[in-house]
1. Please go through the range A:360-406 and pick out each residue that is surrounded by fewer than 20 Cβ atoms within 10 Å (Cβ to Cβ), touching a residue at least 24 places away in the same chain (Cβ under 8 Å) and within 14 Å of chain B (Cβ to nearest Cβ).
2. Report the residue count in the range A:407-422 for those that are within 15 Å of residue A:353 (Cβ to Cβ), buried (at least 21 other Cβ atoms within 10 Å of the Cβ) and more than 9 Å from chain B (Cβ to nearest Cβ).
3. Of everything in the range B:138-159, what is modelled with pLDDT of 60 or more and more than 9 Å from chain A (Cβ to nearest Cβ)? Give them in sequence order.
4. Filter the range A:363-376 for residues that are in contact with a Cys (Cβ under 9 Å, 6 or more places away or on another chain) and more than 8 Å from ligand 2 (Cβ to nearest atom) and give the result.
5. Do we find a residue being within 17 Å of the chain's Cα centre (by Cα) and more than 16 Å from ligand 2 (Cβ to nearest atom) anywhere in the range A:423-430?
6. Using the structure shown, decide if residue A:204 is surrounded by fewer than 23 Cβ atoms within 10 Å (Cβ to Cβ) and either touching a residue at least 24 places away in the same chain (Cβ under 8 Å) or within 26 Å of residue A:96 (Cα to Cα) (or both).
Amino acid sequence: MTPKTAAKRSAKPRSAGLPYFTFRRMADGSVLLSNDAGRTAAVSGKDFARFSAGRLGSGEPLYAELAAKGFVREMTDFEGYAAACSKKNAFLGAGPGLHILVMTLRCNHKCLYCQSGALGAGGRGTDMSRAVARKSVDFALKSTNPGITIEFQGGEPLLNWDTLKDSVLYARGRGRELGREVRLALVSNFSLMTEEKARFLVENEVSVCTSLDGPADLHNKNRTFSGGNSHAHTARWLKYFIGRAAKQVPEYRTFTPSALLTVSRYSLGREKDIVDEYLRQGLADIFVRPLAPIGYAKKLWPRIGYSSEEFARFYRNSLDYIIKLNAAGKKIRERHAVIMLEKIVNGGDPGYLDMRCPCGAAIGQVAYNYNGDLYACDEGRMVGWEGDDLFRIGNVLRDSYRKVMLAPASRACAAASSLESQPQCSRCVYKPWCGVCPVYNYETQGSLWGDMPSSGRCALSLGMFDALFGLLKKPASAKILKEWVQK
Amino acid sequence: MSENISIRVSLKKYSLDSVRYAAHSLGGLVYAFIKPLPGGKVLVELSPKPGTTAAKAAGCARLFRGELEDEKLRERVSSGNRELREFLLLKAMNYQPKPPEKDDSGLTPQQEKELNDLIAQIEGEIKAEAAKGASADPLGITSTWEDKYDPKNGRKKIR
Ligand code: SF4
Ligand code: SF4
């Protein structure tokens, strides 16, 4: 063999050794790899070139690492790979777990970014009747999901207290009769909460969630309440429910309340103030959620919206600050990161419906409008309220469960949110943990499929994943992040 | 307004799919037009979208070339593993934990043959299943709780 032939042979890529994987070239020059089992490896640009050309020696430590993670075809542990894929996709045949009952479209707040299409508190004809609510509970119980959650939402659900109370008692009764686990949750601004209502909720094991956008000035700017100080109500009842959760009694479980942060243009640059406020209120989690130009918020976007780069910066700064606080012994976690870490680190499915494949529309959640109309998800209902019923999948009084699951919108959302059929997602390194949103795509790009390279939501996801993987590379921050999801 | 960028690509070196995917990945910055040229080539014209800065537009040719190279690898990896991937995903869908067996890190020729036979068998099953039409619901998504677990339907109750 001449030297020339030998050189030619050894330079030829031995692609046979490469299994299926996706990759992303990171800003620092490294390359992140992932596979269908959700395993990852970060390698230098040089090592990636050797790996992809099949020139990594089997005696190298990197080879062993890649082989253990399923990146060497001949060394694939089929059983382990299939088990990991199965675990992370366990939700596929589970049936819808989240059932959102819109108690009323009325609300006594006028939040700047409200996506729910709420009417004023005095609005008429948009309260859910007891009959529709009971039918909705029955429908929810048809789901094959072993642990369903019925979430009472609005508008402000406390404005329809009688139906809400009746639904809680009815759902508890039906759950007992059927031997089914039924979780109940209330999303409220707390402005109409009373001792009596709070006691009822606690005694019936209803968990509560509210909005907290930061310190009083910021919260009240975002969440306009003509009846007074929205922040003061939020703070008062958070304290009450945290206090109740701290004093568990044997008769029932009391849940710690949670709060949601919606980032508006006014929040930018105030990351520390916001995180400090969550700590001040005694909350252990903060959920940094971007605003979406869906429904009513779409009209207000020029005033309250921001670019994906601005949100990515906000998110990174928040996460950096939270990690710094953790390093100093303060306990607070960022929920988005927790959800993603649960997937990335533990390989599990935390049940987050907006970031999975296919997304949760219909097969993971159903939204029940006040009049019994069913939507593939709550965001789809908001689009409906703006006059476009594309995401309507039936009516609880008229349609069978099977018909609803087979509704055109149910199927279209599942198909459109399948990442394998999205040209950009199918080759994206974040595919094992990401998800696309047909409602967002439809509202911002005019099609359920959307176009990821020009999608603001995709850019947000990329920014959040980049931030997370950047932190996971640093031992000190990785330790803190992993502790957040330690079992 | 930034100028259009024209790049010639040989289809002997890159597949048309690779060219398409590479062009598509720049869709946040530019519109891409792909035109056939004589001699097994295509002309890729990148036209900056409104809002794309001149500096970003200037980097597009380099980005496109880099993406094209990466696409070539993705295509190789994807086509070289299609059957194996389908097999693994199908295995995952029907996964039942098994008791640990003896160490099987690596495939012997015999195992490889068995694997290929299995893949062929599964491909046949997938085709047969697909032929039954879209009404098949292997995950039971349209089933209600009663359909699945009610003892009256002859199925076991979940708890
Ligand atoms: S939405 Fe964007 S980040 Fe998510 S998988 Fe698709 S391309 Fe990747
Ligand atoms: S369509 Fe969007 S909002 Fe609705 S469930 Fe899917 S990801 Fe979530």
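1. Correct list: A:399 only.
2. Let us first name the residues in the range A:407-422 that are within 15 Å of residue A:353 (Cβ to Cβ), namely A:410, A:413-414, A:416-419.
When the remaining residues are screened for being buried (at least 21 other Cβ atoms within 10 Å of the Cβ), the result is A:410, A:413-414, A:416-417, A:419.
Cutting the leftovers down to more than 9 Å from chain B (Cβ to nearest Cβ) gives us A:413, A:416-417, A:419.
The number of residues fulfilling the criteria is 4.
3. First pass over the range B:138-159, keeping only residues modelled with pLDDT of 60 or more: B:138-153.
Selection gives B:150, B:151, B:152, B:153.
4. Selection gives A:363, A:366, A:367.
5. The initial filter retains those residues of the range A:423-430 that are within 17 Å of the chain's Cα centre (by Cα), namely A:430.
Pick out the ones that are also more than 16 Å from ligand 2 (Cβ to nearest atom) and you get none.
So far as the range A:423-430 goes, no, none of its residues is within 17 Å of the chain's Cα centre (by Cα) and more than 16 Å from ligand 2 (Cβ to nearest atom).
6. Working: surrounded by fewer than 23 Cβ atoms within 10 Å (Cβ to Cβ): yes; either touching a residue at least 24 places away in the same chain (Cβ under 8 Å) or within 26 Å of residue A:96 (Cα to Cα) (or both): yes.
The answer is yes for residue A:204.
Residue by residue, here is whether (1) within 16 Å of ligand 2 (Cβ to nearest atom); (2) within 25 Å of residue A:313 (Cβ to Cβ); (3) assigned by TED's automatic domain parsing to the domain that holds residue A:388 holds:
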site: A:408; (1), (2), (3): yes, no, no
site: A:415; (1), (2), (3): yes, no, no
site: A:436; (1), (2), (3): yes, yes, no
site: A:440; (1), (2), (3): yes, yes, no
site: A:462; (1), (2), (3): no, yes, no
site: A:469; (1), (2), (3): no, yes, no
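Yes/no per residue for (1) modelled with pLDDT of 95 or more; (2) within 13 Å of another protein chain (Cβ to nearest Cβ); (3) more than 45 Å from the chain's Cα centre (by Cα); (4) open to solvent by less than 50 Å² (accessible area, probe 1.4 Å):
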{"site": "A:4", "(1), (2), (3), (4)": "no, no, yes, no"}
{"site": "A:21", "(1), (2), (3), (4)": "yes, yes, no, yes"}
{"site": "A:35", "(1), (2), (3), (4)": "yes, yes, no, yes"}
{"site": "A:43", "(1), (2), (3), (4)": "yes, no, no, yes"}
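The values are calculated or read from the model by the stated rules, or taken from the named source; none is laboratory data. Here the structure is a predicted model, which means the values were calculated and not measured. For neighbour counting, all protein chains shown are included, and Cβ atoms are generated from backbone atoms with ideal geometry for every residue, glycine included. When the accessible area is computed, the model is the full protein with side chains, heavy atoms only, and any ligands, DNA or RNA have been set aside. Shrake-Rupley method; radii C 1.70, N 1.55, O 1.52, S 1.80 Å.
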